[in-house]
């Protein structure tokens, strides 16, 4: 029986050596041994979650509440920010990764787009009125009506230039320059009613250290109007990192022997998924050392 046990341990040790060669994730440990115990520091896997977020900044025009009356269009009546997760990435720090895209993006009414990320305020909108001297004596609605009248006048003037009804001496480069200026002024006038918007891309990173026996981790919380928030802010929807071990690691049977051993930290693989409710943003299969264990192989077995 003792002979059979020795053969079994030797075969198991040789199998472990072969497995180590096939598992590049296994890490050889440095140890400090005494007559009664062996000490070592095992590696720990850290999982990093990276979110790429599109931020849309919407600023209402000073004449927004008159847009339907004078232009016949509905526009937002208050400033807002809209956040959309464009891409989610899960990776071990310095390890393998996966990428998943989500959508669709939130729909916005058509608006002139201006470069960001500079903040927009009322001073960024042009003030248009035929009589600049009387601007202080006119109501907001009167100014809006005059701006709309100027807008329609510009459009008619463009039409006359294109059809040749006006500007018979305007042609070639001069006509192109005139049309570009009309387009610019029209865009500024439209912004008074439709408002302006710009986009910028934000990248947020979060780290999680998995623990044996724990499956779900709140990475952060997210809302369409505030973006990412702390996990304790209940006003947002939690983004959950689900880490499910495959439980394939099985330690070799230990036998008390005096021969020196070489110790390896062997990870177990886990399926990691980033979830927004029932929507899967990203998924990856990665090795996690906390779910594996330590394998000690005797040096005589290694030399065979």
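The values are calculated or read from the model by the stated rules, or taken from the named source; none is laboratory data. Remember, predicted model here, so these are calculated numbers, not experimental data. Backbone-built Cβ (ideal geometry, glycine too); neighbour counts: all protein chains shown.
How about segment 205-230: which of its residues are outside any strand (DSSP E or B) and under 24 Å from residue 80 (Cβ atoms)?
At the first step, the residues of segment 205-230 found to be outside any strand (DSSP E or B) are 209-215, 224-226, 230.
Once the filter is applied, which keeps residues that are outside any strand (DSSP E or B) and under 24 Å from residue 80 (Cβ atoms), segment 205-230 yields 224, 225, 226, 230.
Are any residues in segment 70-83 without any contact (Cβ under 8 Å) to a residue 24 or more places away in the chain and more than 33 Å from the chain's Cα centre (by Cα), and if so, which ones?
Here is the first cut: in segment 70-83, the residues without any contact (Cβ under 8 Å) to a residue 24 or more places away in the chain are 72, 77-79.
Listed by number, the list holds a single entry, 72.
Would you confirm, using the coordinates I've provided, whether residue 297 is in contact with a strand residue (DSSP E or B) (Cβ under 8 Å, 6 or more places away or on another chain), buried (at least 18 other Cβ atoms within 10 Å of the Cβ), modelled with pLDDT of 90 or more and in a strand (DSSP E or B)?
On the way: in contact with a strand residue (DSSP E or B) (Cβ under 8 Å, 6 or more places away or on another chain): yes; buried (at least 18 other Cβ atoms within 10 Å of the Cβ): yes; modelled with pLDDT of 90 or more: no; in a strand (DSSP E or B): yes.
So residue 297 fails the test.
Mind listing just one residue for me: the one in segment 195-209 that is modelled with pLDDT of 90 or more and surrounded by 17 or more Cβ atoms within 10 Å (Cβ to Cβ) and, of those, nearest to residue 144 (Cα to Cα)?
Top of the filtered list is 206.
A quick yes/no check of all residues on (1) modelled with pLDDT of 90 or more; (2) surrounded by 19 or more Cβ atoms within 10 Å (Cβ to Cβ):
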residue: 231; (1), (2): no, no
residue: 252; (1), (2): no, no
residue: 258; (1), (2): no, no
residue: 262; (1), (2): no, no
residue: 283; (1), (2): yes, no
residue: 290; (1), (2): no, yes
residue: 303; (1), (2): no, no
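Residue 143 - would you say it is surrounded by 13 or more Cβ atoms within 10 Å (Cβ to Cβ), part of a helix (DSSP H, G or I) and either in contact with a helix residue (DSSP H, G or I) (Cβ under 6 Å, 6 or more places away or on another chain) or modelled with pLDDT under 85 (or both)? Walk me through how you get there before you give the answer.
Numbers: surrounded by 13 or more Cβ atoms within 10 Å (Cβ to Cβ): yes; part of a helix (DSSP H, G or I): yes; either in contact with a helix residue (DSSP H, G or I) (Cβ under 6 Å, 6 or more places away or on another chain) or modelled with pLDDT under 85 (or both): no.
No; evaluated as a whole, the condition is false for this residue.
Going through segment 146-158 one residue at a time, which ones are under 45 Å from the mean Cα position of the chain (by Cα) and modelled with pLDDT under 85?
Passing the criteria: only 158.
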